[in-house]
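Everything on this sheet refers to the single structure shown next.
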Amino acid sequence: MGSFQVKIVGDYCNLRCTYCRNRDFDQNTKTIMTLETLERFFVFLNSLPQEKIRVSWHGGEPLLAGKDFFNQIIRLEKKYSKKEWLNSVQTNATLIDHEWAEFFSTNKFSVGVSVDGSERTHNGARLNAIKQGTYSKVIQGVKILRCHNIYPGIICTVTKKTFKYADEMLHGLLDAGFKGIAFNAFYNTASEGKRDVYGLTDEEWLCFLKKIFETWLTLNNPEIKIRELDGALAWVKSKAANYCMYKGTCYQWFVIDYEGKIYPCERLGKAVTFGSINSLKTFDELINQSVFVEWKKSIERMPQKCQDCKLKMLCHNGCVSHRQANNEGAPLYSYCESRLKFYDYINDRINGRR
């Protein structure tokens with residue numbers, strides 16, 4: 001069933017990260033979801049058949065919606081109390097204070113924070129509106145969260161500018177006290193398919209992954225969880241990794257923007273829309289309309305390379321947003337070769353062949 005990412009402030013953000021996929025959109029205009037739209041969203045969610053509903057409050061920077069807005073979220077969740085609401089928020093952490101942290105703790109929000117490795121690599125890319133690095137402000141926000149027993153997961157974006165600093169980036173995150181880490185290869189599909197100067201090649205991503213794996217081995221600390229390594233290690237045991245980019249199920253993930261428009265995963269940009277919660281009253285209406293049915297068919301199409309691959313049922317052609325048409329005209333995962341080679345690399349290392 002569906003999970004929902006809600007861009008409650010659209011692309012509005014207090015940072016100007018150099019690589020941000022939203023830089024082609026309007027990050028300056030304050031466009032906060034109205035309370036009327038928020039309530040329609042909850043009516044829509046209440047039509048879902050499952051008892052547990054996952055909602056990720058997103059942006060831009062979602063905290064710019066303000067504390068009163070988030071209190072309205074809790075009010076509506078109590079109103080529709082027959083559902084179990086599983087909330088998360090993805091933030092740059094620069095606005096976190098003790099009041100925010102207490103709110104998230106009291107209401108059992110999971111919190112994800114964006115930190116791009118060490119202070120140096122982070123400050124080279126994640127800038128505020130006046131072009132200053134934001135690392136110290138982010139870490140201050142993280143420390144406040146920890147004071148309230150919230151230990152956020154970390155998303156670290158890797159770009160063409162930073163992939164060479166894999167060891168520094170990992171050690172920077174570990175030195176800051178993070179133990180649950182996800183690395184995102186930057187690949188911009190929200191920019192009408194133009195090749196992005198920050199986008200990683202297959203070879204660069206493989207180079208980064210190998211370095212991270214070797215550093216992780218030397219640490220010999222099972223408490224350190226790195227999403228990309230966990231996924232590859234699961235494959236070595238012929239187990240499916242429990243992340244959307246390996247499961248071929250992104251058609252169950254939806255974005256709702258501040259106006260109520262419905263899109264696929266936000267990594268795909270705004271080229272495809274499934275209508276609006278202002279006109280679609282139920283989830284069944286959404287998934288039964290032709291535009292959604294055809295889109296789902298398009299992302300389930302497998303190129304011959306995938307159909308013949310030994311990892312087909314573990315990979316599912318990777319993240320939909322990271323695919324490009326190959327010489328068959330079929331959409332092939334852009335990091336296919338690095339994924340296959342990294343699997344072989346880890347397999348060989350575990351079995352003493354390297």
Number of Lys pairs in segment 148-275 closer than 18 Å at Cα, excluding neighbours under 8 places apart unless interchain, is 18
Counting only DSSP beta bridges fully inside the chain, the antiparallel percentage to nearest 5 is 20 percent
Between ILE224 and SER290, the FRET efficiency computed from the C-beta separation at R0 = 51 Å comes out, to the nearest 0.05, as 0.65
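Which value, in Å², gives the accessible area per residue of segment 122-208 when a 1.4 Å probe is used on the protein heavy atoms?
Each residue of segment 122-208 exposes 45 Å² on average to a 1.4 Å probe.
Please compute the net charge surrounding SER290, taking Lys and Arg as +1 and Asp and Glu as -1 over other residues with Cβ under 13 Å from its Cβ.
On the way: positive: LYS296, LYS297; negative: GLU285, GLU294.
Its environment carries a net charge of 0.
Computing the accessible area with a 1.4 Å probe over protein heavy atoms, can you report the carbon and sulfur percentage for the chain? Spell out each step's value before the answer.
Numbers: 8200 of 16410 Å².
Within the chain, the accessible surface is 50 percent carbon and sulfur.
Which value, in Å², gives the accessible area per residue of segment 214-304 when a 1.4 Å probe is used on the protein heavy atoms?
On the way: 4680 Å² over 91 residues.
Normalised by residue count, the accessible surface of segment 214-304 is 51 Å².
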Segment 49-200: antiparallel bridges as % of DSSP beta bridges, rounded to 5, reads 5 percent
Across ALA176, ALA325, ALA125, the residue with the highest GNM fluctuation in the chain (Cα network, 10 Å cutoff) is ALA325
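Extension gain GLN140-LYS52, at 0.36 nm per residue separation less the Cα-Cα distance, in nm?
Working: separation 88, 0.36 × 88 = 31.68 nm, distance 3.28 nm.
That pair, GLN140 and LYS52, stretches by 28.4 nm at full extension.
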Note to self: C-alpha centroids of segment 1-75 and segment 279-337 sit apart, in Å, by 25 Å
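Quick one: pull the percentage of alpha-carbon pairs in segment 19-98 with a separation above 22 Å. Before the final figure, lay out the partial values.
Numbers: 1006 of 3160 pairs.
The share of Cα pairs beyond 22 Å in segment 19-98 comes to 32 percent.
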Among [x] 31, 27, 19; [y] 61, 20, 17; [z] 46, 28, 19, the entry matching semi-axes √(5λ) of the Cα gyration tensor in Å as calculated here is [x]
For ALA234 and ASN123, extending 7 Å from Cα along the Cα-Cβ vector and measuring point to point gives, in nm, a value of 3.7 nm
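For the chain, what is the calculated [θ] at 222 nm in deg cm²/dmol (nearest 500), taking -39500 (n - 2.57) for each run of four or more DSSP H residues and dividing by its residue count?
Values: 14 runs with 134 residues, N = 354.
One gets -11000 deg cm²/dmol as the mean residue ellipticity at 222 nm.
Rounded to the nearest 0.05, what FRET efficiency is calculated for CYS207 and THR273 with R0 set to 30 Å and r the Cβ-Cβ distance?
Numbers: r = 37 Å, r/R0 = 1.22.
Taking R0 as 30 Å, the efficiency between CYS207 and THR273 is 0.25.
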Taking the alpha-carbon centre of each part, the distance from segment 81-133 to segment 208-271 in Å is 19 Å
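Less than 10 Å Cβ to Cβ from LYS7, Lys/Arg counted +1 and Asp/Glu -1: what total charge do the surrounding residues give? Before the final figure, lay out each step's value.
Numbers: positive: LYS261; negative: ASP11, ASP257, GLU259, GLU266.
Overall, the nearby charge balance is -3.
Just add up the charged neighbours of ASP167: K/R +1, D/E -1, any other residue whose Cβ is under 9 Å from the Cβ of ASP167. The partial results should precede the final answer.
Numbers: positive: LYS211; negative: GLU168, GLU214.
Net charge around ASP167: -1.
The values are calculated or read from the model by the stated rules, or taken from the named source; none is laboratory data. Predicted model only: the values in this text are computed from it and were never measured. So basically every Cβ, Gly included, is an ideal-geometry build from the backbone, and we count neighbours across all protein chains shown. What goes into the accessible areas is simple: the full protein's heavy atoms, side chains included, and nothing from ligands, DNA or RNA. Shrake-Rupley method; radii C 1.70, N 1.55, O 1.52, S 1.80 Å.
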